[in-house]
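The values are calculated or read from the model by the stated rules, or taken from the named source; none is laboratory data. Fair warning: this is a prediction, and the values are worked out from it, not measured in the lab. All Cβ positions, glycine included, derive from the backbone under ideal geometry; neighbour counts span all protein chains shown.
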Amino acid sequence: MIEMTRRRIDVDAVLDSVRRDEAGAVVLFLGTVRADADVAALDYEVYVPMAKKVLADLAERAKAKFGVLDLSIAHRIGRVPVGGDSVAVACAAAHRREAFEACAWVMDEVKRIVPIWKSVPPRRVRRSR
């Protein structure tokens, strides 16, 4: 599963998409918007066709590099509030080490090469009357 969505990430669907009887390990990584000074949300912009192609390529490279059985990536588009999931990566492998390593590698590559831009939206200023 490679998904770009404006809706909440369906974590159960991401996990279910990689589960296999021969998998002894399923690893899930959730990237969430954390509360920092003056951050109430993040805005994610993306050119969807290009990003999906790069994500699909990363999933295939991870399968070959780490010998994992399956890997899924879901990423949010648009505004994501503090505490919201912005990205989910699920990886199934015969053993935990491969699943953890593949998941970590994919996230590093997502941050490095996928054309997704994030910004902090301006806060609304209340004016006194």
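Within the range 70-120, which strands (runs of 3 or more DSSP E) (wholly inside it) include 2 or more residues that are in contact with a helix residue (DSSP H, G or I) (Cβ under 8 Å, 6 or more places away or on another chain)?
On the way: elements: 70-76, 78-81, 85-93, 116-119.
Ranges flagged: 70-76, 85-93.
For Gly24, which of the numbered conditions (1) buried (at least 19 other Cβ atoms within 10 Å of the Cβ); (2) over 20 Å from Met1 (Cβ atoms) fails to hold?
(1)
Please verify whether the range 42-56 includes one or more residues that are surrounded by fewer than 17 Cβ atoms within 10 Å (Cβ to Cβ), aromatic (Phe, Trp, Tyr) and either touching a Phe, Trp or Tyr at 6+ places or on another chain (Cβ under 8 Å) or closer than 18 Å to Ile113 by Cα (or both).
The answer is yes, given that some residue of the range 42-56 is surrounded by fewer than 17 Cβ atoms within 10 Å (Cβ to Cβ), aromatic (Phe, Trp, Tyr) and either touching a Phe, Trp or Tyr at 6+ places or on another chain (Cβ under 8 Å) or closer than 18 Å to Ile113 by Cα (or both).
Does Lys63 satisfy the criteria of being of a type outside the set (A, V, I, L, M, F, W, C), modelled with pLDDT under 95 and surrounded by 13 or more Cβ atoms within 10 Å (Cβ to Cβ)?
no
For the range 57-99, give me each residue that is under 17 Å from Pro115 (Cα atoms), in contact with an Asp or Glu (Cβ under 8 Å, 6 or more places away or on another chain) and small (Gly, Ala, Ser).
Result: Ala74, Gly78.
Let me spell it out: the conditions are (1) at pLDDT below 95; (2) of a type outside the set (Ser, Thr, Tyr); (3) surrounded by 15 or more Cβ atoms within 10 Å (Cβ to Cβ), and Asp36 meets all of them except one. Which number is the exception?
(3)
Give Pro81, Pro121 a once-over and let me know the one that is in contact (Cβ under 8 Å) with a residue 12 or more places away in the chain and closer than 17 Å to Asp10 by Cα.
Values: Pro121 fails: closer than 17 Å to Asp10 by Cα.
Just a single option satisfies the conditions, and that option is Pro81.
Looking at the range 66-79, is at least one residue among the polar types (S, T, N, Q) and surrounded by fewer than 13 Cβ atoms within 10 Å (Cβ to Cβ)? Steps first, please.
To start, the set of residues in the range 66-79 that are among the polar types (S, T, N, Q) comprises 72.
Still in the running and surrounded by fewer than 13 Cβ atoms within 10 Å (Cβ to Cβ): none.
No.
When the residues of the range 39-59 are filtered to those that are more than 16 Å from Pro121 (Cα to Cα) and in contact with a Pro (Cβ under 8 Å, 6 or more places away or on another chain), which remaining residue is modelled with the lowest pLDDT?
Filtering first and then ranking leaves Tyr47.
Keeping to the range 11-26, report how many residues are of a type outside the set (S, T, N, Q) and within 17 Å of the chain's Cα centre (by Cα). Lay out the reasoning, then the answer.
Of the residues in the range 11-26, the ones of a type outside the set (S, T, N, Q) are 11-16, 18-26.
Narrowing the set further to residues that are within 17 Å of the chain's Cα centre (by Cα) leaves 11-16, 18, 26.
Residues in the range 11-26 being of a type outside the set (S, T, N, Q) and within 17 Å of the chain's Cα centre (by Cα): 8 in total.
Are any of the residues in the range 109-118 over 25 Å from Arg6 (Cα atoms) and in contact with an Asp or Glu (Cβ under 9 Å, 6 or more places away or on another chain)? Break it down into steps so the answer makes sense when it comes.
As a first pass, look at the range 109-118 and keep what is over 25 Å from Arg6 (Cα atoms): none.
No, the conditions are met nowhere in the range 109-118.
If you go through the range 33-54 one residue at a time, do you hit one that is closer than 14 Å to Ile2 by Cα, outside any loop (DSSP other than H, G, I, E, B) and of a type in the set (Lys, Arg)?
Yes, there is a match, as at least one residue in the range 33-54 is closer than 14 Å to Ile2 by Cα, outside any loop (DSSP other than H, G, I, E, B) and of a type in the set (Lys, Arg).
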